[in-house]
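Student: Please find one structure pasted underneath; my questions will follow.
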Amino acid sequence: MIWEVPCYAPACMTGLAINAEKLGRRYGRRWALADVTFRVPAGTVLMVSGPNGSGKSTLFRVLATAIRPDLGKVTVLGFDLIREREDVRKAVALLSHHSYLYETLTARENLVVVSQHLGVGTDGVGPLLARVGLGERGDDAVSTFSAGMRKRLSFARVLLQTPRLALLDEPYAQLDPEGFDLVDDVIRELKADGTTVLVATHQLERTSRLADNALRLEGGRLL
Amino acid sequence: MDTAVHSRSTRTPLIFLGLGALLFVFGSWWGLFIAPAEQYMGDVQRIMYVHVPTAWNWMLGVIFAFICAIAYLINGKPKWDARMEASVEVASLFALLLCIQGSVWAKPTWGVWWDWDPRLTSVAVLLFAFLGIIALRNFVEDPVKRAVWSSVATIIASVDLPIVYFSVKWWNSLHQQQSTPQTVSSAFHLPLRINALAVLFLMTGFIMLRTRVAAARLSEEMAPPPMVPGPAGELA
Amino acid sequence: MIAALRKELLLQWRSRAQFLAVFVFGASSLLLFSFGIGPNAEVLRQFSAGFLWLGLLLSSTLTLAESFHDEMENRALEGLLLLPSDPRALYYGKAIANWLQLTLLGSALIPVMVVLYDAGTDRIVALLGIVALGAAGLSAPGTLYAAMTAQVRGKQTLLPLLLFPLIVPALLASVKATSLVILGDPMDSLRAWVVLLASFDAIYWALCGLLYGRVIED
């Protein structure tokens, strides 16, 4: 079931979380994203689907400013993606399939490092660990964690940043059924807070229950 | 590739090369046969007519590479990366030539191939640094990343050159001072200057040609995607 | 930057076993140098400073490359960059941590040098100071290049290839200064070498900090 693309009416235009025009990004001779144009109203949940290698992760990484676009013009939360990169970063958090974790540090230490770099206090770390179900394993090194546990910790990392735009790249991957519920709860909570959420996923049925809109990528192009 | 474009764009560098070669032949003939022999060293000194021009131009090449690196980091235009790639390679070639010339001069004069002269040693160090940069370029596929990184490395290496020179000079000063001959007499000046100009033309020609090769490759790498007329017309 | 430094020190503390391994590598290279030269005590003493610094230089390629291993494993460095973090703060945090580690390594190799080459001296403080300055000279460009080469294929060969020509002035000055401290300084030229070393450090700590952002961003 393909959902409608976000509306183009002026009312929608003003509250745009993302405005992408002809976005392009290549790796060598291959274009991972080509001619991608879409708009996402603020405070909505957008589901991004597509087969493996269709460019979902690349799209998220571009929006998170991890990589630069080769072509096109993108504004995120009103900030230009290239010229106002710092501002975009302050407001955006990415859940990537790279965990961004330090293997030799404990779960707690990983979150503390993030807090210190953000310049926020470390009081929130403990409750956050409990929230994602890692309360007991907080003081174990990440190298001892299973894939699902790392995913949960990465989630905690995202929540720690209190973003206005959350980019979740395959959040359900590697999680157990309780984890699935956790992800759903988090998405609902983020939306309730007014955060815009993009979810790249293969769990189409589950996510479409939460999503306001959907996009599909194939071969780097929007369908 | 398009031969018409090719022949037009290589005319200027070929002129430089031709002029340079001509002047070089003239200047070297003068230096080898007409100019008087240096009073202490005899005919071996004549290598200066090639060595000194090469050295001056090497220096210019390094400065040019440094400028291209900064220009690229500031405005990101690929042509500066192409020029930098060319000048780094040409400067490396000249550095190698300098080391060879220096050794050829040193052996009959001092009895050793290498005498740790500060200038030549600095050239050798920078040769290795530039070779490292060329190696770095070969390991990075993404053209933008490659350009940024090699610009950074070129800047760092170029800044190092004066520091290397002074440190080697002080390091070597504790030992017997062995200096390369100074060309002071005016009889030496003319062929020297002719050759300096000649090598300048040659170097410019080389750099221009090499830049074109680099630029051609870059424009191929950065080609825009094929525009597939997809079924998504209404969304575009 | 303090946050970055704290993280670096924590990471280093966690992998302290690695430090021991690198120390053994450094010490054994000092041993190998003496085998290369021969059991001539006078000659060995003469060149002890050179051996020390060569040993430290070789070991530094290991520690510098290692300092980015944790960052690249799960792309943690990118994660920090996106928070956002100031790349310069990240640079100085890591460069300082690497500097401390190299200074520690150099200091640990001094006794090895003293024993193997009979290269003792009373001026311990001066010696340690030179080690610190020299280590700073290795750490600044080393951290920058390690960041670069950690992201490419030929990382093990590229790092020394890029770094070694660059740090020649630091190497010369460190060896010279160390040599003067150990063997005596009849012409009081130590200050000149220390100034050279300090200038090298100042220039490269500033320059590399400026350029680091371009190296770790895409």
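The values are calculated or read from the model by the stated rules, or taken from the named source; none is laboratory data. Since the structure is predicted, the reported quantities are computational estimates derived from the model, not experimental observations. Cβ atoms come from the backbone with ideal geometry, glycine included; neighbour counts cover every protein chain shown.
Conditions (1) buried (at least 23 other Cβ atoms within 10 Å of the Cβ); (2) closer than 17 Å to A:V114 by Cα; (3) at pLDDT 90 or above, marked per residue:
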site: C:Y91; (1), (2), (3): yes, yes, yes
site: C:K94; (1), (2), (3): yes, yes, yes
site: C:T103; (1), (2), (3): no, no, yes
site: C:I110; (1), (2), (3): no, no, yes
site: C:M113; (1), (2), (3): yes, no, no
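Student: Restricting attention to the range B:66-81, does a residue exist that is surrounded by fewer than 16 Cβ atoms within 10 Å (Cβ to Cβ), at pLDDT 75 or above and on the phi > 0 side of the Ramachandran plot?
Tutor: Yes: the range B:66-81 contains one or more residues that are surrounded by fewer than 16 Cβ atoms within 10 Å (Cβ to Cβ), at pLDDT 75 or above and on the phi > 0 side of the Ramachandran plot.
Student: Going by the conditions given, is C:L5 among the aliphatic types (A, V, I, L, M), under 30 Å from C:D218 (Cα atoms) and under 18 Å from the mean Cα position of the chain (by Cα)?
Tutor: Numbers: among the aliphatic types (A, V, I, L, M): yes; under 30 Å from C:D218 (Cα atoms): yes; under 18 Å from the mean Cα position of the chain (by Cα): yes.
Here the answer is yes, as C:L5 does meet what is asked.
Student: Of the residues that sit in the range A:100-123 and are among the small types (G, A, S) and either more than 23 Å from A:E86 (Cβ to Cβ) or within 12 Å of chain C (Cβ to nearest Cβ) (or both), which one is surrounded by the fewest Cβ atoms within 10 Å (Cβ to Cβ)?
Tutor: Taking the range A:100-123 first, the residues among the small types (G, A, S) are A:107, A:115, A:119, A:121.
Filter again for either more than 23 Å from A:E86 (Cβ to Cβ) or within 12 Å of chain C (Cβ to nearest Cβ) (or both), leaving A:107, A:115, A:119.
Details: A:A107: 27, A:S115: 20, A:G119: 9.
Selected residue: A:G119.
Student: Please enumerate the residues belonging to the range A:191-223 that are in contact (Cβ under 8 Å) with a residue 40 or more places away in the chain and in a helix (DSSP H, G or I).
Tutor: A:K191, A:L204, A:T207, A:S208
Student: Can you tell me which residue among C:R16, C:R75, C:R6 is on the phi > 0 side of the Ramachandran plot and either within 14 Å of chain A (Cβ to nearest Cβ) or basic (K, R) (or both)?
Tutor: Among C:R16, C:R75, C:R6, only C:R75 is on the phi > 0 side of the Ramachandran plot and either within 14 Å of chain A (Cβ to nearest Cβ) or basic (K, R) (or both).
Student: A follow-up question, please. Could you list all residues from the range A:171-190 that are in contact (Cβ under 8 Å) with a residue 24 or more places away in the chain and farther than 28 Å from A:R30 by Cβ? If you could, list the steps in order and put the result at the bottom.
Tutor: So in the range A:171-190, the residues in contact (Cβ under 8 Å) with a residue 24 or more places away in the chain come out as A:171-176, A:178-180, A:182-184, A:186-187, A:190.
Hits for the range A:171-190 are A:L175, A:D176, A:E178, A:G179, A:F180, A:L182, A:V183, A:D184, A:V186, A:I187, A:L190.
Student: Where in the range C:17-119 are there helices (runs of 4 or more DSSP H), lying fully within it, with 2 or more residues that are in contact (Cβ under 8 Å) with a residue 40 or more places away in the chain and out of contact with any Leu (no Cβ under 9 Å at 6 or more places or on another chain)? If you could, list the steps in order and put the result at the bottom.
Tutor: Numbers: elements: C:41-46, C:48-66, C:69-73, C:76-81, C:87-117.
Result: C:48-66, C:69-73, C:87-117.
Student: Something else now. Which members of the range A:124-161 meet the condition of being without any contact (Cβ under 8 Å) to a residue 12 or more places away in the chain and either basic (K, R) or within 12 Å of another protein chain (Cβ to nearest Cβ) (or both)?
Tutor: None - no residue of the range A:124-161 is without any contact (Cβ under 8 Å) to a residue 12 or more places away in the chain and either basic (K, R) or within 12 Å of another protein chain (Cβ to nearest Cβ) (or both), so the list stays empty.
For (1) basic (K, R); (2) farther than 28 Å from C:A65 by Cα; (3) crowded, with 17+ Cβ neighbours inside 10 Å, each residue gets a yes or a no:
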residue	(1), (2), (3)
C:T149	no, no, yes
C:R153	yes, no, no
C:T157	no, no, no
C:L163	no, no, yes
C:L166	no, no, yes
C:L172	no, no, yes
C:D185	no, yes, no
C:D188	no, yes, no
C:A192	no, yes, no
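Student: For residues in the range C:174-218 being within 14 Å of chain A (Cβ to nearest Cβ) and out of contact with any helix residue (DSSP H, G or I) (no Cβ under 6 Å at 6 or more places or on another chain), which is farthest from C:A76 (Cα to Cα)?
Tutor: Start the filter on the range C:174-218 by keeping residues that are within 14 Å of chain A (Cβ to nearest Cβ), which leaves C:213-214, C:216-218.
Pick out the ones that are also out of contact with any helix residue (DSSP H, G or I) (no Cβ under 6 Å at 6 or more places or on another chain) and you get C:217-218.
Details: C:E217: 13, C:D218: 15 Å.
This residue is C:D218.
Student: Here's a follow-up. Residues being among the β-branched types (V, I, T), within 16 Å of the chain's Cα centre (by Cα) and at the interface with chain C (Cβ under 9 Å from one of its Cβ atoms): count how many of those fall in the range B:122-146. I'd like the intermediate steps shown before the answer.
Tutor: Step one: filter the range B:122-146 for residues among the β-branched types (V, I, T), giving B:123, B:125, B:133-134, B:140, B:144.
Filter again for within 16 Å of the chain's Cα centre (by Cα), leaving B:123, B:125, B:133-134.
This time we only want the ones that are at the interface with chain C (Cβ under 9 Å from one of its Cβ atoms), so: B:125, B:133.
Within the range B:122-146, residues that are among the β-branched types (V, I, T), within 16 Å of the chain's Cα centre (by Cα) and at the interface with chain C (Cβ under 9 Å from one of its Cβ atoms) number 2.
Student: Got a number for residues in the range A:36-70 being touching a Lys or Arg at 6+ places or on another chain (Cβ under 6 Å) and either among the acidic types (D, E) or more than 12 Å from chain C (Cβ to nearest Cβ) (or both)?
Tutor: 6
Student: Considering the range A:75-87 alone, what residues qualify as being surrounded by fewer than 21 Cβ atoms within 10 Å (Cβ to Cβ) and under 21 Å from A:T196 (Cα atoms)? Working first, answer last.
Tutor: So the first thing to find is which residues in the range A:75-87 are surrounded by fewer than 21 Cβ atoms within 10 Å (Cβ to Cβ), and the list is A:75, A:77-80, A:82-87.
Hits for the range A:75-87 are A:T75, A:L77, A:G78, A:F79, A:D80, A:I82, A:E84, A:R85, A:E86, A:D87.
Student: Looking only at the range B:168-178, count every residue that is in a loop (DSSP other than H, G, I, E, B) and either within 7 Å of another protein chain (Cβ to nearest Cβ) or at pLDDT 85 or above (or both) and tell me the total.
Tutor: Going residue by residue through the range B:168-178, those that are in a loop (DSSP other than H, G, I, E, B) are B:174-178.
Narrowing further to those that are either within 7 Å of another protein chain (Cβ to nearest Cβ) or at pLDDT 85 or above (or both): none.
Result for the range B:168-178: 0.
Student: Another question, then. Evaluate the following for A:G138: is it farther than 30 Å from A:A34 by Cβ and either among the aromatic types (F, W, Y) or touching a Leu at 6+ places or on another chain (Cβ under 9 Å) (or both)? Steps first, answer last, please.
Tutor: Working: farther than 30 Å from A:A34 by Cβ: yes; either among the aromatic types (F, W, Y) or touching a Leu at 6+ places or on another chain (Cβ under 9 Å) (or both): yes.
Yes, satisfied.
Student: Somewhere in the range C:58-71, is a residue among the acidic types (D, E) and touching a Phe, Trp or Tyr at 6+ places or on another chain (Cβ under 6 Å)?
Tutor: Just the residues of the range C:58-71 that are among the acidic types (D, E), to begin with: C:66, C:70-71.
From what's left, touching a Phe, Trp or Tyr at 6+ places or on another chain (Cβ under 6 Å): C:70.
The answer is yes, given that some residue of the range C:58-71 is among the acidic types (D, E) and touching a Phe, Trp or Tyr at 6+ places or on another chain (Cβ under 6 Å).
Yes/no per residue for (1) within 14 Å of chain B (Cβ to nearest Cβ); (2) in contact with a Phe, Trp or Tyr (Cβ under 8 Å, 6 or more places away or on another chain); (3) crowded, with 20+ Cβ neighbours inside 10 Å; (4) closer than 26 Å to A:R150 by Cβ:
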residue: A:L182; (1), (2), (3), (4): no, yes, yes, yes
residue: A:E189; (1), (2), (3), (4): no, no, no, yes
residue: A:G194; (1), (2), (3), (4): no, no, no, no
residue: A:L204; (1), (2), (3), (4): no, no, no, yes
residue: A:S208; (1), (2), (3), (4): no, yes, no, no
residue: A:A211; (1), (2), (3), (4): no, yes, yes, yes
residue: A:L217; (1), (2), (3), (4): yes, no, yes, yes
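Student: Here is a further query. Could you go through the range C:120-128 and let me know if any residue there is under 27 Å from B:W170 (Cβ atoms), of a type outside the set (V, I, T) and within 12 Å of chain B (Cβ to nearest Cβ). If you could, list the steps in order and put the result at the bottom.
Tutor: Within the range C:120-128, the first condition is being under 27 Å from B:W170 (Cβ atoms), and the residues that meet it are C:120-128.
From what is left, the residues that are of a type outside the set (V, I, T) are C:120, C:122-123, C:126-128.
Add one more test, that the residue is within 12 Å of chain B (Cβ to nearest Cβ), and what stays is none.
Looking through the range C:120-128, none of the residues is under 27 Å from B:W170 (Cβ atoms), of a type outside the set (V, I, T) and within 12 Å of chain B (Cβ to nearest Cβ).
Student: While we're looking at this one, here's another question. Identify, please: which residue in the range B:147-167 is touching a helix residue (DSSP H, G or I) at 6+ places or on another chain (Cβ under 6 Å), farther than 18 Å from C:L158 by Cβ and at the interface with another protein chain (Cβ under 7 Å from one of its Cβ atoms) and is, among those, surrounded by the fewest Cβ atoms within 10 Å (Cβ to Cβ)? I'd like the intermediate steps shown before the answer.
Tutor: The first filter runs over the range B:147-167 and keeps only residues touching a helix residue (DSSP H, G or I) at 6+ places or on another chain (Cβ under 6 Å), leaving B:147-155, B:157-158, B:160-161, B:163-165, B:167.
Applying the additional criterion that residues be farther than 18 Å from C:L158 by Cβ yields B:158, B:161, B:163-165, B:167.
Of the ones still in play, those that are also at the interface with another protein chain (Cβ under 7 Å from one of its Cβ atoms) are B:163-164, B:167.
Working: B:I163: 21, B:V164: 25, B:S167: 27.
Per the stated criteria, the residue is B:I163.
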